[in-house]
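Below you'll find the structure, written out as structure tokens, and then a few comments.
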Amino acid sequence: RKRATFWVSRGLLLERTSQSGGLSYEAASCADGSSGGGAATIGATADRRDEDGEDGGAVASKEEQESDNMAVYESYIMGMLTNFDSLSLERIHNMLKMFVVSPKYDKSQAELSKFLQRLVTDETLMYDGGMFKKK
């Protein structure tokens, strides 16, 4: 599931939940209505297990869902921090509101803060003196 999140966040895959609680992934449609790579349904029903093989439960936690929703913006944030050595939470939030058009950035500063803290926990970013930096 973590690997598929990468492709879902980039809009190439769509995540579908069946009535029984299983996950499947479907190739996102192109603008002309055709699927991106042939067959529309990939058919890989995800086994809700983390990398350790433990059952993650039938329903993902609210925090995990919010994090997945924010994953779309990670590439924008990493790009900003490539161009600017370090940025504050407020500055990242304002830049996302100005420059991210599709999907429209409509998150609160508190939601962004939670996501950035998760990136710090995952050791993707560093937080020092109120500023976020790339590791």
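The values are calculated or read from the model by the stated rules, or taken from the named source; none is laboratory data. What you are looking at is a predicted structure, and each value in this text was computed from that prediction instead of being measured. These area figures cover heavy atoms from the full protein model, side chains too; ligands, DNA and RNA do not enter into them. Shrake-Rupley method; radii C 1.70, N 1.55, O 1.52, S 1.80 Å.
Yes/no per residue for (1) open to solvent by 40 Å² or more (accessible area, probe 1.4 Å); (2) in a helix (DSSP H, G or I); (3) modelled with pLDDT under 90; (4) within 25 Å of K135 (Cα to Cα):
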site	(1), (2), (3), (4)
A58	yes, no, yes, no
E64	yes, yes, yes, yes
D68	yes, yes, yes, yes
Y73	no, yes, yes, yes
E90	yes, yes, no, yes
V101	yes, no, yes, no
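Return yes or no: is N94 on the phi < 0 side of the Ramachandran plot, modelled with pLDDT of 90 or more and assigned to a helix (DSSP H, G or I)?
Details: on the phi < 0 side of the Ramachandran plot: yes; modelled with pLDDT of 90 or more: yes; assigned to a helix (DSSP H, G or I): yes.
Taking the combined requirement at face value, the residue satisfies it.
State all residues of segment 103-135 that are open to solvent by 60 Å² or more (accessible area, probe 1.4 Å), outside any loop (DSSP other than H, G, I, E, B) and either of a type in the set (A, V, I, L, M) or farther than 16 Å from N69 by Cα (or both); if no residue qualifies, say none.
First, the residues of segment 103-135 that are open to solvent by 60 Å² or more (accessible area, probe 1.4 Å): 103-104, 106, 109-111, 114, 117-118, 121-123, 126-129, 131, 134-135.
The next check asks that each one be outside any loop (DSSP other than H, G, I, E, B); those that pass are 109-111, 114, 117-118, 121, 126-128, 131, 134.
Those that are open to solvent by 60 Å² or more (accessible area, probe 1.4 Å), outside any loop (DSSP other than H, G, I, E, B) and either of a type in the set (A, V, I, L, M) or farther than 16 Å from N69 by Cα (or both): A110, T121, M126, Y127, D128, M131, K134.
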